[in-house]
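Peer 1: One structure coming up, written as structure tokens, with questions to follow.
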Amino acid sequence: MTDKGLSMRGTLPSRVSWWFVLGVCAAGVELALLRVLYEGLTWPLPVATAVAAETLILAKFLIADRFIFGHPRPALERAIKYHGACAGAFVVYWLVINGLAELFAIPYAVAFVVGTAASFTWSLATNFLWVWVTR
């Protein structure tokens, strides 16, 4: 199978759609990991959210870089750009989830959904359009 056969490359709307699907699936995995870290291992929520988010940031980069954008192997330049772009989304997510949970006693799972939705908008504008857009 060629690289093109493995890739979900195509039009911009097609890539956005696949990127969105990856994000939704990754959010489910991240919430499960967060539950293990926070409830199972009783890590403090700020630490658990940071570790869960970073784990999924790395996994999403590898998956999106290969299967959505068709790169045969990851490149350090794209990985650095992706991490830079994710930094803003991470800050948005981390502040929202921890702020809602700690300041307003919102259950962490609900705060996770709100934080994920807030960071998604930032993420779409930065890492999707900045890291992988074809010039």
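Peer 1: Could you count how many residues in the range 21-54 are assigned to a helix (DSSP H, G or I), more than 19 Å from L124 (Cα to Cα) and among the β-branched types (V, I, T)? First the steps, then the outcome.
Peer 2: Step one: of the range 21-54, the residues assigned to a helix (DSSP H, G or I) are 21-40, 45-54.
With more than 19 Å from L124 (Cα to Cα) added as a condition, the list becomes 29, 31-40, 45-52.
Subsequent filtering for residues that are among the β-branched types (V, I, T) retains 29, 36, 47, 49, 51.
The number of residues fulfilling the criteria is 5.
Peer 1: Between a first residue in the range 54-80 that is over 21 Å from V21 (Cβ atoms) and a second residue that is charged (D, E, K, R) and assigned to a helix (DSSP H, G or I), which pairs have beta carbons less than 9 Å apart while being 6 or more apart in sequence or on different chains?
Peer 2: From the range 54-80, the pairs are P72/D3; P72/R66; R73/D65; R73/R66; A75/D65; A79/D65.
Peer 1: Residues of the range 81-99 being surrounded by fewer than 16 Cβ atoms within 10 Å (Cβ to Cβ), at pLDDT 90 or above and closer than 16 Å to E54 by Cβ, which ones? Can you show your working first?
Peer 2: Here is the first cut: in the range 81-99, the ones surrounded by fewer than 16 Cβ atoms within 10 Å (Cβ to Cβ) are 84, 87-88, 91, 95, 99.
Next, from what is left, pick out any that are at pLDDT 90 or above: 91, 95, 99.
The answer is V91, L95.
Peer 1: How many of the residues in the range 100-135 are within 19 Å of the chain's Cα centre (by Cα) and either modelled with pLDDT of 95 or more or among the β-branched types (V, I, T) (or both)? Before the answer, list the steps.
Peer 2: Taking the range 100-135 and keeping what is within 19 Å of the chain's Cα centre (by Cα), we get 108-133.
If we keep only those that are either modelled with pLDDT of 95 or more or among the β-branched types (V, I, T) (or both) as well, we get 108-116, 121, 126, 131, 133.
Within the range 100-135, residues that are within 19 Å of the chain's Cα centre (by Cα) and either modelled with pLDDT of 95 or more or among the β-branched types (V, I, T) (or both) number 13.
Peer 1: If the Cβ limit is 6 Å and pairs must be 6+ apart or interchain, which residue in the range 40-53 that is more than 12 Å from I97 (Cα to Cα) pairs with which residue that is of a type in the set (V, I, T) and crowded, with 16+ Cβ neighbours inside 10 Å?
Peer 2: As it stands, the answer is none, since no pair meets every condition given.
Peer 1: Of the residues that make up the range 67-85, is at least one part of a helix (DSSP H, G or I) and touching a Pro at 6+ places or on another chain (Cβ under 8 Å)? Spell out how you get there, then give the answer.
Peer 2: Step one: list which residues in the range 67-85 are part of a helix (DSSP H, G or I), which gives 67-68, 76-85.
This time we only want the ones that are touching a Pro at 6+ places or on another chain (Cβ under 8 Å), so: none.
Taking every residue of the range 67-85 in turn, none turns out to be part of a helix (DSSP H, G or I) and touching a Pro at 6+ places or on another chain (Cβ under 8 Å).
The values are calculated or read from the model by the stated rules, or taken from the named source; none is laboratory data. Since the model is a prediction, treat every value here as computed from it, not as a measurement. All Cβ positions, glycine included, derive from the backbone under ideal geometry; neighbour counts span all protein chains shown.
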